[in-house]
2 protein chains.
Amino acid sequence: MSAPRDTATQYISHADLVVLLQQVFQRHGTSPEVAQVLAENCAGAERDGAHSHGVFRIPGYVSTLASGWVDGRAVPVVEDVAPGFVRVDAANGFAQPALAAARELLLEKVRSAGIAVLAIRNSHHFAALWPDVEPFAYEGLVALSVVNSMTCVVPHGAERPLFGTNPIAFAAPRAGADPIVFDLATSAMAHGDVQIAARKGEHLPAGGGVDREGRPTCDPKAILDGGALLPFGGHKGSALSMMVELLAAALTGGNFSFEFDWSQHPGAKTPWTGQLIIVIDPARSAGRDFAERSQSLVTQMQGVGLQRLPGDRRHRQRADSLVNGIPLSSDELRQLRELAGH
Amino acid sequence: MSAPRDTATQYISHADLVVLLQQVFQRHGTSPEVAQVLAENCAGAERDGAHSHGVFRIPGYVSTLASGWVDGRAVPVVEDVAPGFVRVDAANGFAQPALAAARELLLEKVRSAGIAVLAIRNSHHFAALWPDVEPFAYEGLVALSVVNSMTCVVPHGAERPLFGTNPIAFAAPRAGADPIVFDLATSAMAHGDVQIAARKGEHLPAGGGVDREGRPTCDPKAILDGGALLPFGGHKGSALSMMVELLAAALTGGNFSFEFDWSQHPGAKTPWTGQLIIVIDPARSAGRDFAERSQSLVTQMQGVGLQRLPGDRRHRQRADSLVNGIPLSSDELRQLRELAGH
């Protein structure tokens with residue numbers, strides 16, 4: 001690019017960012033319905049300061065749509081298979097519209113059966129995972145989700161990569177406060193964070209990855225250029241990553257992280273796998289109200305010196321963004337407007 | 001003890017060890033039904049080489065029963081609360097008889113609803129967690145369980161202990177082979193392993209624990225003597241440990257790891273908390289047979305150089321024990337026979 005970089009910060013309201021991103025998605029090949037879901041997801045991540053899954057992802061979405069790898073107009077097919085089991089064929093579309101299409105049926109089942117599972121297959125997930133579970137907590141439910149991705153993590157004790165970054169996300173309601181929410185890659189680092197470090201020219205903490213020869217490295221470019229990530233926490237994180245493959249792929253009918261081949265689709269970035277969401281209604285529990293109990297756990301955690309809960313930073317940034325607008329650099333905003341055809 | 005230690009190895013059949021342990025449990029205050037369940041659990045762990053949860057635990061069971069802390073004659077109360085939700089009040093007894101009492105109802109619900117959850121409360125769990133999930137995998141089901149324990153783990157970013165070792169166990173069927181099973185403490189080390197290291201006078205790997213002043217230590221005795229464990233994998237393991245507190249205690253109506261007080265019961269060793277088990281029927285999944293799919297994942301894991309799967313060592317030791325008997329030292333066997341009143 002010939003223009004000098006303009007890193008001055010501008011502020012855009014959440015509603016305006018959603019509209020802008022909707023325009024980007026629709027202009028690059030999604031249906032209005034899919035554009036709506038993805039725009040809200042992506043703007044929400046940016047609003048919450050989750051930059052690795054915010055507007056940073058837009059060029060990847062655009063190049064993937066251009067490559068013909070994903071169907072931006074896919075209409076998910078929801079199947080009601082049992083009193084606690086919903087399946088969705090995402091029809092080679094994105095996972096978030098599949099979840100949106102199945103959400104009401106899933107909620108009905110959770111309320112009547114006490115627990116229900118949503119098995120999404122044939123789906124592309126290119127976003128953070130916490131936005132998929134957090135809304136359930138605001139409805140008083142407990143939710144757990146896993147999604148597998150693309151081969152980039154070496155199983156503990158193995159020599160070459162096989163697993164994806166395979167995150168686990170969890171959300172639970174809390175009385176009188178924002179829910180407890182976490183979203184953790186079972187890799188030592190999230191892929192988006194490696195990409196951001198590479199772009200910024202930063203080094204990574206030790207123990208996160210290997211280069212193309214399998215040697216430990218702290219250079220994000222060496223990890224991205226034929227290298228691989230390692231699981232977090234040694235054999236334990238590796239076992240959890242394996243569990244994510246089994247739940248998100250084998251149990252849904254989706255692809256394992258190593259099973260898809262996008263080599264004929266240059267520009268494709270979105271893993272074509274599966275996703276599992278388990279939702280439980282704590283109103284069926286014995287004893288005191290769940291949200292009161294989770295709040296009492298938080299009080300104790302603070303009592304032993306914990307300064308910050310999982311999800312706290314996002315909730316604080318969210319509150320700030322809703323008052324002051326979402327900060328973006330002038331360059332980012334200009335690029336988004338260009339992509340939207342302004 | 002005045003007698004010299006006799007560490008010569010003797011071999012006892014699994015069936016004989018079960019009978020011997022039944023006698024121990026019954027003689028020390030359990031009902032025949034509870035003795036049966038605990039003896040099979042404990043003998044199974046020893047058979048599989050899981051020494052930290054095998055006969056090593058018997059003195060702890062015995063002192064706990066003697067202290068009046070647990071009710072060895074408790075009759076669990078099973079409640080059918082929804083098409084996918086079973087609750088059990090373990091009535092201040094052990095968790096394993098509560099699971100056994102609810103098992104048939106849970107299986108019925110899994111088969112009809114596709115997923116079901118068992119919420120056990122008012123229960124004591126002093127055993128390994130994998131024996132609770134593995135049998136479901138032999139029935140073609142996928143099972144996940146969590147149990148909280150007793151304050152001994154410092155949450156990441158906090159100063160003092162709050163969480164238990166809070167394990168997560170998972171089991172999934174595999175075509176033509178033993179199931180995939182793992183059982184991992186969300187602490188850097190399992191409490192039983194710290195006790196065994198202390199007894200043997202061994203040092204622990206770095207990063208596992210702190211002494212009573214909060215300083216990092218590799219001395220198991222310093223951890224047991226007013227010190228504490230750390231979570232595995234930093235903030236991620238800590239988040240999972242918090243999730244276990246929420247699922248195993250808040251969602252069941254059981255105690256958090258910090259809520260019970262056994263100070264009036266010297267000799268008490270069994271955490272009085274709760275346990276959650278989620279079981280899913282993969283026959284409801286789309287696509288190819290789950291067990292075939294999990295076997296194909298294993299094949300790929302071996303293809304990238306993995307030598308040993310989670311659960312492999314136990315399954316190999318089990319096969320060996322069933323042929324050659326379970327190795328115990330003469331001392332261990334003599335002590336068990338004394339406890340059984342022989």
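Bear in mind these aren't lab numbers, they're just calculated from the coordinates by the rules spelled out. Everything numeric here is computed off the predicted structure, so don't read it as measured data. Cβ sites come from the backbone with ideal geometry, for glycine too, and all protein chains shown count toward neighbours.
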| said: Give me a comma-separated list of calculated 3J(HN,Hα) values for region B:21-31, in order, Karplus coefficients 6.51, -1.76, 1.60 applied at θ = phi - 60°, integers in Hz, x for any Gly or Pro. | reply: 5, 4, 4, 4, 4, 5, 5, 9, x, 9, 6
| task | Classify chain A as rounded, prolate or oblate, taking a ≥ b ≥ c as the square roots of the eigenvalues of its Cα gyration tensor: rounded when a/c is under 1.5, otherwise prolate if a/b is larger than b/c and oblate if not. | result | rounded
| said: Apply the a/c threshold of 1.5 to the C-alpha gyration tensor of region B:101-201 and tell me whether it is rounded, prolate or oblate. | reply: prolate
| request: Can you check what the net charge comes to around B:N148, using other residues whose Cβ is under 15 Å from the Cβ of B:N148 (Lys, Arg +1; Asp, Glu -1)? | output: -2
| field | Of A:P271, B:Q195, B:P167, farthest towards positive along the dipole that unit charges on Lys, Arg, Asp, Glu beta carbons give the protein assembly as shown | value | B:Q195
| note | Residues whose built amide H sits under 5 Å from the amide H of B:G305, excluding neighbours closer than 5 in sequence, are A:E159
| For A:V77, net neighbour charge (Lys/Arg +1, Asp/Glu -1) across residues whose Cβ lies under 13 Å away | -2
| message | Checking the cross-link filter: which aspartates and glutamates have an alpha carbon closer than 14 Å to that of B:K269, excluding same-chain neighbours under 8 positions apart? | response | B:D71, B:D261
| field | Calculated from backbone phi, Karplus (6.51, -1.76, 1.60) coupling profile of region A:300-310 in Hz, x at Gly/Pro | value | 5, 4, 5, x, 9, x, 6, 8, 9, 8, x
| Non-local amide H neighbours of A:V88 (under 5 Å, H modeled in plane, Pro and chain starts lacking H): which ones? | A:E79, A:A119, A:I120, A:R121
| Shape box of the protein assembly as shown [Cα atoms, principal axes, largest first, Å] | 88, 49, 48
| request: Among B:A239, B:L99, A:Q295, pick out the residue whose Cα is farthest towards the positive end of the charge dipole of the protein assembly as shown, where Lys and Arg carry +1 and Asp and Glu carry -1 on C-beta, about the Cα centre. | output: B:A239
| note | The summed charge of the A:D211 Cβ neighbourhood (under 9 Å; Lys/Arg +1, Asp/Glu -1) stands at -1
| request: Evaluate the distance, in nm, between pseudo-label points positioned 7 Å from the Cα of A:S67 and of A:T9 along their respective Cα→Cβ axes. | output: 3.4 nm
| note | Long-range amide H partners of B:S329, meaning residues 5 or more apart or on another chain whose placed amide H is closer than 5 Å, are B:Q10
| query | Listing B:F94, B:F85, A:F260 from the residue with the fewest other Cβ atoms within 10 Å to the one with the most, what is the order? | reply | A:F260, B:F85, B:F94
| Where the only charges are on Cβ atoms (+1 Lys, Arg; -1 Asp, Glu), what is the dipole of the protein assembly as shown about its Cα centre, to the nearest 20 debye? | 520 debye
| task | Let me know the mean shielding of B:164-172 by other chains, meaning the per-residue number of their Cβ atoms within 10 Å of its Cβ. | result | 2
| field | Members of B:K200/B:K221; A:K200/A:K221; A:K109/B:K109 lying beyond 19 Å, as alpha-carbon distances in this model show | value | none
| field | Magnitude of the charge dipole, region B:188-230, Cβ model with Lys/Arg +1 and Asp/Glu -1, debye to 20 | value | 60 debye
| Which value, in debye to the nearest 20, gives the size of the charge dipole of chain A about its Cα centre, when Lys and Arg are +1 and Asp and Glu are -1 at the Cβ? | 360 debye
| remark: Here, A:E108 and B:D16, labelled 7 Å along Cα→Cβ, have an inter-label distance in nm of 6.1 nm
| note | In order over region A:82-90: 3J(HN,Hα) from phi, Karplus 6.51/-1.76/1.60, θ = phi - 60°, whole Hz, x for each Gly or Pro, gives 6, x, x, 9, 10, 10, 9, 8, 6
| note | By the mean-Cβ-within-10 Å protection proxy, highest first, A:313-321, B:22-30 rank as B:22-30, A:313-321
| query | Between region B:267-336 and region B:91-109, what's the alpha-carbon centroid distance in Å? | reply | 20 Å
| message | Averaged over its residues, how many other protein chain Cβ atoms are within 10 Å of peptide A:72-83's Cβ atoms? | response | 2
| task | Sum -39500 (n - 2.57) across every DSSP H segment of at least 4 residues in chain B, then divide by the residue count to get the 222 nm mean residue ellipticity, nearest 500. | result | -12000 deg cm²/dmol
| remark: Counting only DSSP loop positions in region A:169-256, the trypsin sites (Lys or Arg not before Pro) whose Cβ has at most 16 other Cβ atoms within 10 Å are A:R212
| task | Working from the alpha-carbon coordinates of region B:110-268, get Rg over Rh, Rh being the Kirkwood radius. | result | 1.01
